[in-house]
1. On a 0 to 90 degree scale, rounded to 10, what angle separates helix 492-510 from the longest Cα axis of the chain?
2. Per the Debye formula with a single identical scatterer at each Cα and no solvent contribution, what log10 I(q)/I(0) holds for segment 392-456 at q = 0.23 Å⁻¹?
3. If you average over every viewing direction, what projected area does the convex hull of the Cα atoms of segment 133-248 give, in nm²?
4. Computed FRET efficiency, Cβ-Cβ of ARG160 and GLN78, R0 25 Å: what is it to the nearest 0.05?
5. Measuring from label point to label point, each 7 Å out along Cα→Cβ, what is the GLU434 to THR203 span in nm?
6. Based on the alpha-carbon gyration tensor of segment 250-341 and its eigenvalue square roots a ≥ b ≥ c, which shape applies: rounded if a/c is under 1.5, prolate if not and a/b is larger than b/c, or oblate?
7. Under the rule of -39500 (n - 2.57) per DSSP H run of 4 or more residues, summed and divided by the residues of the chain, what mean residue ellipticity at 222 nm is obtained, to the nearest 500 deg cm²/dmol?
8. Run the numbers for ARG485 and ARG260: contour at 0.36 nm per residue of separation, minus the present Cα-Cα distance, in nm.
Amino acid sequence: MLEPQITILGLGPGPWELLTREAYEVLTEAVEREQPIYFRTLIHPIIEPLRRAFPGLALQSFDTLYDAAQDWETLYQQMAETICAAAMARRGTVVYAVPGHPLVGDTSVQLLLRFARERGLGLRLVAGLSFIEPVCTALELDPLEAGLQIIDAISLAALRSDEVAGKVIPTTPLLIPHLYNRRLASAVKLALGECYPDEWQVTLVRLSNLPQETARLQRLALYELDRQSLTDHLTTLYVPPVDALTALRLPETLRYITMRLRRDPDGCPWDREQTHQTLVPFVLEETYEVVEALEENDMGKLAEELGDLLLQVYLHAEIARQEGHFSIGDVFEHINAKLIRRHPHVFGDVKVSNAGQVVQNWEAIKLAERQAAGQPVQEESLLDHVPLASPALTVAQEYQKRAAKVGFTYADMDGVLNKLAEELRELAQARNHEERQEEMGDLLFMVVRAANELNIDAEAALRQANRKFRRRFRVMEELARSEGRPLQERSREELRALWRRAKELVDAASGA
């Protein structure tokens, strides 16, 4: 009894003239012995010559499976299962014919090889000219020098968004064969969008039916990929590499890095352990460092610190994605929709004449958003929606601004200063730690009230005072070291003298 065997045969990339002698002999023998021949697709230039060479040849293909497939992940699996079942039922040879070379860029063959070995089926591979040679000729690309990646279109489309970054290396040229229709092109476009900008220039290469003709090339932006008719089983997509500098500038690269850091088990152990809660101090720290760079007007430092803050956004989004809550795409969607919604004078028909009207519209839109979300806006306090996690001076300043809008304030600056003096006296009269803490809070609250009265940002003013103190104290330390006696060895009177000298030096250097 004959043993079941599968012969996997390469039809080459195009016309009849490129079919190998061995492949022709295998096809001839299969026809003569009435062995089943399955074609991955009949959309191939060799099919018509085959019909003429072997009249009455029954051509079985998986084209209907391609057309009906809703799940890219299982399409090739169905094909491989069908061929294995046919071989086992026949107890003889079954031929599977694929475009190009069977072992180059064809995931269906890889699955078939695995399934056949698992079932103990005999295997024979018949080589064919692959699509790489004519595609690289058309592109004038040396595949060895370029270090090509090759990913079958269906395999790429089947990847989850978080898997793409682990498969595609944007700094290496990429060939994607078998881009057979627009629906698949759309899925491939979405997958590549995880690693490349939408405007990245790619090339569709469709191999010619005739040996004397060159391949057809169409260059286009990635986002246009599924708007083209130049897609069939002989179409390959070429994605040129992103240079290292460009890659470092892409938001997709930061997304890949954060996903890679959090990946188990080969990511970073520290990054994998982080949660939303453990990252809170870093979010605050990076935010304050951005503010410091802004206040120092240090643009180089600002670019670096904005990057550090952006990393925190991506890390939180990646943690949320892994927990099944949302992804970085949802973050972009929310902020983009919000900005468009709250700027009807830019993206709609609303007319405004000044910034004050913009603020009024903004507040009205926010109120409408809260109403639409079912929040009891009638019960809202003027002091609601001020984040208590903000710096305490900032919260106090915002509370007082809102209270002032309804007239709850002092008549003039004298009233504020009198109340400030009263709080100082009460602090001096406090009898224990609890009372002192309470009175200190009242005193600071009135300092903020005074800042508001003078149109001064209390938080910014205190940060400025902190920087000034830091500059002067560092000069104190330098003076002490230059004299051979550190600050720790100085008396209180000596320290005050050093402070006065430092103050004079710093003020003179700053022109104060």
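1. 60
2. -0.96
3. That works out to 6.9 nm².
4. Calculated value: 0.80.
5. 8.0
6. Note, shape of segment 250-341 comes out oblate.
7. That calculation yields -17500 deg cm²/dmol at 222 nm.
8. 75.9 nm
Read-outs throughout are calculated quantities, based only on the coordinates presented, and are distinct from any laboratory measurement. In this text, all values refer to a predicted model and were calculated from it rather than measured experimentally. FYI the Cβ positions are ideal-geometry reconstructions off the backbone, even for glycines, and counts take in every protein chain you see.
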